[in-house]
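A quick write-up on the structure given underneath.
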Amino acid sequence: MRVDVWGVRGSIPAPGPTTNRYGGNTPCVSVIDTKGHLCVIDMGTGIVPLGTALLQKSLPVRDDFGAGKGNATVLLSHGHWDHIQGFPFFAPVFIPGTKLSIFGNARTADRVEALLEGQMNPQFSPIYTLKNLGATIRFEGVREHQCFRVSDLEVSSMELPHGETSVLSFQIKEQGKTLIYASDAGYSASGAPDDVVEFYRDADVLIHDSTYTPEEQELRRNRGLSSYLDAAAVAARAGVGKLVLFHYDQDHSDDIVDENVRLCGQELERLGAGRTEVVGAFEGMQIDI
Ligand SMILES: [Zn+2]
């Protein structure tokens, strides 16, 4: 599978000269399987440049999105604003003939639809309603421990704590390779639960929340996000191949992220997990798994 990163920032977009290298868009990652099907994880503002790339045909997807033949699946970890705010600006949704299947973190399909319908409310958007979009959209509610197939991808879900609420982590497998997406993970001070570690076990790539420094985490544990030390700890326990830090605090400059990646690598060494590579996710990053 081919993984592309379009947005790496948590909470709000953070454009500007100090965030140019990693990027200022909020979370969006795409996965293209060996059949060329597009699967999108989260719809932060990073989905906007993804839409542009699809219309420019600069990605190896099977379907022609510009000609109204686009067909994509979306996995939505949760409905917080930074994970949905790019959706009304994703160009293919305005093209009649586009088909989207949105699998959201909710008990029912109706609740996923209501979440995105609310975003179209005229108080927030000139679109008024999802019905004004050109795309045909199908909704599915997903809870934890669900397994389903997306084209050639085998997808499983796991619930992670996130402050007073929860998010879904997604495990995506194809041809014996495994990607885990775990954004907005807020474990307790004692670390990730054992079943979460097992869910991540031996993944080739773990894209993991790394919002805070340990000093910030001391003061903000109740917000339900990870520090780079939390990410290192769970990656070491799970024995993952590559840890990709993600969902950076909006106030962290590129230089701070550089330092966090370096210190995360040091922590992995200290934990005896030196074979786990660590990198910082950036807009434009491509990983072939
Ligand atoms: Zn977030």
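The values are calculated or read from the model by the stated rules, or taken from the named source; none is laboratory data. This structure is a prediction, so every number in the text was calculated from the model and none was measured. Counting neighbours? That spans all protein chains shown, and the Cβs are built from the backbone with ideal geometry, glycine included.
For region 142-168, the set of residues classified as in contact with a helix residue (DSSP H, G or I) (Cβ under 7 Å, 6 or more places away or on another chain) and either surrounded by fewer than 17 Cβ atoms within 10 Å (Cβ to Cβ) or touching a residue at least 40 places away in the same chain (Cβ under 8 Å) (or both) consists of Met158, Gly163, listed by residue number.
All conditions in (1) of a type outside the set (Asp, Glu); (2) surrounded by fewer than 20 Cβ atoms within 10 Å (Cβ to Cβ); (3) closer than 25 Å to Val279 by Cβ; (4) in contact with a helix residue (DSSP H, G or I) (Cβ under 7 Å, 6 or more places away or on another chain) hold for Gly66, with the sole exception of (3). The C-beta contact set for region 4-18 (first residue among the charged types (D, E, K, R), second residue away from the ligand (no atom under 15 Å from the Cβ), distance under 6 angstrom, 6+ apart or interchain) comprises Asp4/Ser30; Asp4/Gln286.
Go through the residues of region 226-249 one by one and say whether even a single one is more than 21 Å from Arg270 (Cα to Cα) and aliphatic (A, V, I, L, M). So far as region 226-249 goes, no, none of its residues is more than 21 Å from Arg270 (Cα to Cα) and aliphatic (A, V, I, L, M). Just name the residue that is farthest from Ser30 (Cα to Cα) out of those in region 250-289 that are surrounded by fewer than 20 Cβ atoms within 10 Å (Cβ to Cβ) and within 16 Å of the ligand (Cβ to nearest atom). My answer is Asp251.
Which one of these is in contact (Cβ under 8 Å) with a residue 60 or more places away in the chain, of a type in the set (Asp, Glu), over 17 Å from Asp33 (Cα atoms) and in a helix (DSSP H, G or I): Asp82, Asp110? When all the criteria are applied, what remains is Asp82. Counting only residues that are surrounded by fewer than 20 Cβ atoms within 10 Å (Cβ to Cβ), touching a strand residue (DSSP E or B) at 6+ places or on another chain (Cβ under 7 Å) and either charged (D, E, K, R) or at positive phi (or both), region 217-244 holds 2 of them. Taking the criterion of being touching a Ser or Thr at 6+ places or on another chain (Cβ under 7 Å) and either part of a loop (DSSP other than H, G, I, E, B) or farther than 23 Å from Asp251 by Cα (or both), the residues of region 176-186 that qualify are Ile180, Ser183, Asp184, Ala185, Gly186.
Taking residues in region 205-227 that are more than 28 Å from Met1 (Cβ to Cβ), and partners anywhere that are modelled with pLDDT under 95, the pairs with Cβ atoms closer than 7 Å and at least 6 places apart or on different chains are Tyr212/Arg220; Arg221/Ala189; Asn222/Gly163; Arg223/Gly163; Gly224/Pro161; Gly224/His162; Gly224/Gly163. Scanning region 238-289 for residues that are assigned to a loop (DSSP other than H, G, I, E, B), small (Gly, Ala, Ser) and modelled with pLDDT of 95 or more gives Gly239, Gly241, Ser253, Gly272, Ala273, Ala281, Gly284.
Annotation note: Cβ proximity below 6 Å between a residue of region 173-194 that is touching a residue at least 24 places away in the same chain (Cβ under 8 Å) and a residue that is within 16 Å of the ligand (Cβ to nearest atom) and part of a loop (DSSP other than H, G, I, E, B) (sequence gap 6+ or interchain) occurs for Ser183/Pro27; Ser183/Ser77; Ser183/His247; Ala185/Ser226; Gly186/Gly163; Gly186/Gly224; Gly186/Leu225. Taking region 2-31 as the range and being more than 16 Å from the ligand (Cβ to nearest atom), surrounded by fewer than 23 Cβ atoms within 10 Å (Cβ to Cβ) and of a type outside the set (Ser, Thr, Tyr) as the test, the residues that pass are Arg2, Val3, Asp4, Pro15, Gly16, Pro17, Asn20, Arg21.
Which residues, counting only those in region 69-79, are surrounded by 15 or more Cβ atoms within 10 Å (Cβ to Cβ), away from the ligand (no atom under 16 Å from the Cβ) and not in a strand (DSSP E or B)? Once the filter is applied, which keeps residues that are surrounded by 15 or more Cβ atoms within 10 Å (Cβ to Cβ), away from the ligand (no atom under 16 Å from the Cβ) and not in a strand (DSSP E or B), region 69-79 yields only Gly70. For the criterion of being under 19 Å from the mean Cα position of the chain (by Cα) and modelled with pLDDT under 95, Glu144 passes.
If you scan region 32-53, which residues turn out to be of a type in the set (S, T, N, Q) and either buried (at least 20 other Cβ atoms within 10 Å of the Cβ) or within 16 Å of the ligand (Cβ to nearest atom) (or both)? Scanning region 32-53 gives a single hit, Thr45.
In the set Leu153, Leu133, Leu116, only one residue is farther than 21 Å from Ile95 by Cα and among the hydrophobic types (A, V, I, L, M, F, W, C); that residue is Leu153.
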